[in-house]
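Here's the structure, in structure tokens; my notes come after.
Read-outs: derived from the displayed coordinates by stated rules, not from any lab. Here the structure is a predicted model, which is why all the values come from computation and not from measurement. Every residue, glycine among them, receives a Cβ derived from its backbone with ideal geometry; neighbour counts consider all protein chains shown.
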Amino acid sequence: LVFAVSSKKEETNGAYATTTSSADAPVALLAGKGKYTKLTWDDKQTQLAFLSDRDDAASVQPRLKLYRWDRKGAAAAELVSTATQNFKPGYVISDKGPINFSLDGDRVFFGVAPPTAPEKEDSEDASSDDKVSVDLWHWKDDYIQPMQKVRAEQERNRSYRAVFNVADNKYAQLGDETLQAVNPSSDGRWALGTDDRAYRILIGYDDDANSADVSIVNTIDGSRKPVMKKHSRGFTWSPGGKYALFYDGKDWNTISIPEGKLVNLTRALPVKFWRESHDSPSTPPSYGNAGWTSDDRYVLLYDQFDIWQVAPDGSNAKTLTDGVGRREKIQFRYVKLDPQEKGIDPAKPLLLSAENVWTRDSGFYRDRIDGGLPEKLVMAAKDFNPPSKAKDADVYLLTASTFNEFPDLLVTSSTFKGLKKVSDANPQKSQLLWGNSELVRFKNLDGVPLSAMLIKPENFDPNKKYPMIVYIYETLSENVHRFVDPRPGHSINASFYASNGYLVLEPDIVYTIGHPGQSALNCVLPAIQSVVDKGFVDEKAIGIQGHSWGGYQIAYMITQTTRFKAASAGAPVANMTSAYSGIRWGSGLPRQFQYEHTQSRIGANLWEAPMLYLENSPVFRADRVQTPLMMIHNDADDAVPWYQGIEYYLALRRLGKEAYLFTYNGEPHGLRKRQNQKDYTMRLQQFFDHFLKGAPEPEWMVKGIPYLQKDKEKEKYKPTADMKEKAGK
């Protein structure tokens, strides 16, 4: 056991080691006045590295040194200081960056940076009234001012990668302001460095905004070899450090190290490796990869259904799962059982998760590198979560759920026969009415086959007529077997509403670029009709609710249809023309990218397609709204500007439309405080119960909540001491 001491008796400060099975006193590896930090073992725990400013502790800004302790030795030895040969002038060793060893322990990586400027004390005669406080938004800034503010702490703590080669006793500077990110291979012999300076100004509106120029870095001397321009995605090193894998927006590629040769691995294969269902105006993501075999012989890549084993030099490729996934519409994915795994052992069987993308049944299969057909272990109408395996026994621990079955712990063996339930974490559920979920099939108005999740009350009677609430976002049917805890929040809770006699419908939505609002309408209305046609829906009692992107779609839809008796939209964008140049205050990002390339799906900037922005903005069609609308938009929203909810509210108010806007003070995009979650959940239920079940209007719907009475209004909803006592019992 190694530990650091920081004591009032500063001379006893230090880094110490002790053997836990011995009564001997701890041994000082390095001791004396100063700070001792970043204690880091190598992979085999044979050596330790750490930082200390012991030799400069009396300075105003003490300088750190890097130390190493060989476990066979008695004390730690100095490795690097600012006096070390080749140490970059004007830099110091930083405690803001990580320390880590290469896998073989021959190299120690750590951070260096320019010294932090000492903090200036405010002059005693300087009044705060006399100080100028101003921000300049310069048109050539790399990052706009809000991003700079959000990133300020990150920039203050920035460090650049350096390495000490233990065997050669040599130091090398790898990163600096021109190569801020340096990612070494596992053996530490080579690294990939990225320089994003030329592309930072694109952040907020360009699809390639996160691009960087890439260089291979020699960790012996820090020399660099440029290999790629404007690469916008990361890399995955092979375990042996011979290759780096990357996705280019369509295909998987490798860079051979150190030659820098690029090979496209998937261009000639008969399937797609990019997400074919991607329906926003941006580069589609990949289906992902399982990683490398430990011998660098193969990388395992995912298509929509199957897993491919591909040689990194492009010499051969085959489907590890033999096309079973595509034939049976099952999506196979590798399950990593050993959290310390450095690469996939090609001699051992692989555990694969499996999910039928049509029925959403899930389970597990077994397969092998260069093996035969995948072997089914278990498959059921449940949501199985990836298991954990005991380190030294054939015992697996996992969970499985359905909508009405809590995900208790299950124990099994590698055969997955006889899943044994070993927990009962939610016994109170048996006393509650819950609900059941199923998939409903429908086609949108463009003829695309889609699915929706329909949740029915537990005591469902097909001969009755039920009120129905529709909840929307994008695609949701994949959650058909997910257990939903009844808890408060800023959206409806499906379990809670089903328990209270509602049908809940969650349809999938697909999009046409340039027409997101109409796309939602073209999916949601046919989904509703497919359930109405079954005969158990009260057509005069259909409501709809969604938050954020779901809130926008609802705000749009009620300008186009009178299908809904009541609607609730959380944090909606009402005016795309004003929201386009808004700020996501949580990250500081301009919102322009969202319309040009991502979720809002306009696919062009405001000046290229002004009519699309107008057509998709609910506020310009607010005069058509005939549906009572309840909104929530908080004044500290860090994603969608608060004024969007206000714009819609003021438009509806001006037009004499029934609208309610809740703003929880100091809350961000979603409610965080428990008391506010409970309050809004209660009001949302009151709203829907009134319109869909005929319950009396609550007082806030009749009279509003005047500003001077808002604290008093909450008093009636506070639990009494008597109620609290009963709840405690």
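What is the gain in length, in nm to one decimal, between residue 474 and residue 425 on full extension, counting 0.36 nm per residue of separation less the C-alpha to C-alpha distance?
Numbers: separation 49, 0.36 × 49 = 17.64 nm, distance 3.15 nm.
Value of the extension gain: 14.5 nm.
With the convex hull built on the Cα atoms of segment 146-185, state its orientation-averaged projected area in nm². Working shown, then result.
Values: hull surface 15.3 nm².
Taking a quarter of the hull surface, the average projection is 3.8 nm².
Tabulate in residue order the Karplus-calculated ³J(HN,Hα) for segment 453-465, using 6.51 cos²θ - 1.76 cosθ + 1.60 with θ = phi - 60°, rounded to whole Hz; enter x for Gly and Pro.
Karplus-based 3J(HN,Hα) across segment 453-465 equals 8, 10, 10, 10, x, 4, 9, 4, 10, x, 8, 9, 10 Hz.
Which of the trypsin sites (Lys or Arg not before Pro) found in segment 493-579 are loop residues per DSSP with 14 or fewer other Cβ atoms within 10 Å of their Cβ? Display every interim value, and only then the final one.
Values: sites: 534, 540, 563, 565; in loops: 534, 563, 565.
In loop regions of segment 493-579 (DSSP not H, G, I, E or B), the sparsely surrounded trypsin sites (Lys or Arg not before Pro) are 534.
For the chain, what is one quarter of the convex hull surface built on the Cα atoms, given in nm²?
Details: hull surface 161.4 nm².
Computing the convex hull of the Cα atoms and averaging its projections yields 40.4 nm².
Amide H to amide H, which residues 5 or more places from residue 174 or on other chains are under 5 Å from it, using H placed in the peptide plane?
Long-range HN contacts for residue 174: 162, 163.
Could you give me the ³J(HN,Hα) list for segment 92-100, computed from phi with Karplus coefficients 6.51, -1.76, 1.60 and θ = phi - 60°, whole Hz, x at Gly and Pro?
Computed from phi, the couplings for segment 92-100 are 9, 6, 10, 8, 8, x, x, 10, 8 Hz.
Give me the tail of P(r) for segment 432-722 as a percent: Cα-Cα pairs with distance above 24 Å. Write down the numbers at each step before the final one.
Working: 21328 of 42195 pairs.
Cα-Cα pairs of segment 432-722 separated by over 24 Å account for 51 percent.
I'd like the distance between the alpha-carbon centres of segment 221-261 and segment 523-600, rounded to an integer number of Å.
The two parts, judged by their Cα centres, are 41 Å apart.
Can you pull the three principal axis extents for the Cα set of segment 196-264, in Å, largest first?
37, 29, 17 Å, listed from the longest principal axis down.
Which number do you get for Rg(Cα) / (2.2 N^0.38 Å) in segment 472-613?
1.13
How large is ³J(HN,Hα), in whole Hz, for each residue of segment 386-398 in order, when computed from phi with the Karplus curve 6.51 cos²θ - 1.76 cosθ + 1.60 and θ = phi - 60°, using x for Gly and Pro?
The phi angles translate into x, x, 10, 10, 4, 5, 10, 8, 8, 10, 10, 10, 8 Hz.
Under a no-solvent Debye model with one identical scatterer per Cα of segment 607-729, what's log10 I(q)/I(0) at q = 0.10, 0.12, 0.19 Å⁻¹?
These q points yield log10 I(q)/I(0) values of -0.42, -0.58, -1.25.
Enumerate by residue number the GluC sites (Glu not before Pro) in segment 36-129 meeting two conditions: DSSP loop (anything except H, G, I, E, B), and at most 10 other Cβ atoms within 10 Å of the site's Cβ.
On the way: sites: 78, 119, 121, 124; in loops: 119, 121, 124.
Sparse-neighbourhood loop GluC sites (Glu not before Pro): 119, 121, 124.
Hey, can you grab everything whose amide H is under 5 Å from the amide H of residue 79? Only 5+ residues off in sequence or another chain; H modelled, so Pro and N-termini drop out.
Sorted by chain and number, the residues that satisfy this are 66, 67, 68.
For segment 551-635, just run the numbers: alpha carbon Rg, then divide by 2.2 N^0.38 Å, N being how many residues it has.
Cα-based Rg divided by the globular estimate yields 1.12.
So what is the relative contact order of the chain, in percent, for Cα pairs below 8 Å that sit 6 or more residues apart?
Relative CO of the chain lands at 6 percent.
Over segment 432-722, what is the relative contact order in whole percent, taking alpha-carbon pairs under 8 Å and six or more residues apart? Don't skip to the end; give the middle numbers.
Values: 594 pairs, mean separation 47.2, N = 291.
The value is 16 percent.
Starting from the coordinates of the alpha-carbon atoms of segment 233-381, obtain the Kirkwood hydrodynamic radius over all distinct pairs and give the value in Å to one decimal.
Numbers: mean 1/r = 0.0633 Å⁻¹.
Hydrodynamic radius (Kirkwood, Cα pairs) of segment 233-381 is 15.8 Å.
Pulled fully out, how much extra length does the chain show between residue 18 and residue 277, if you take 0.36 nm times their separation in residues and subtract their Cα-Cα distance? Could you put the intermediate results ahead of the total?
Values: separation 259, 0.36 × 259 = 93.24 nm, distance 5.68 nm.
Computed gain between residue 18 and residue 277 is 87.6 nm.
Would you compute, for the Cα atoms of segment 1-116, the largest minus smallest coordinate along each principal axis and list the three values in descending order, in whole Å?
Result, largest extent first: 46, 38, 21 Å.
How much length would be gained if the chain were fully extended between residue 614 and residue 561, taking 0.36 nm per residue of separation minus their Cα-Cα distance, in nm to one decimal? Don't skip to the answer; put the middle values down first.
Numbers: separation 53, 0.36 × 53 = 19.08 nm, distance 1.81 nm.
The residue 614-residue 561 span can extend by a further 17.3 nm.
Ratio of alpha-carbon Rg to the 2.2 N^0.38 Å globular estimate for segment 387-433, to two decimals, please. List each step's numbers first, then the result.
On the way: Rg = 12.5 Å, N = 47, 2.2 N^0.38 = 9.5 Å.
The value comes to 1.32.
Only loop residues by DSSP count here, and only those with at most 12 other Cβ atoms within 10 Å; note down the trypsin sites (Lys or Arg not before Pro) in segment 42-111 that meet that. Mind dumping the intermediate values first?
Values: sites: 44, 54, 63, 65, 68, 71, 72, 96, 107; in loops: 44, 63, 71, 72, 96.
Answer in residue order: 44, 72.
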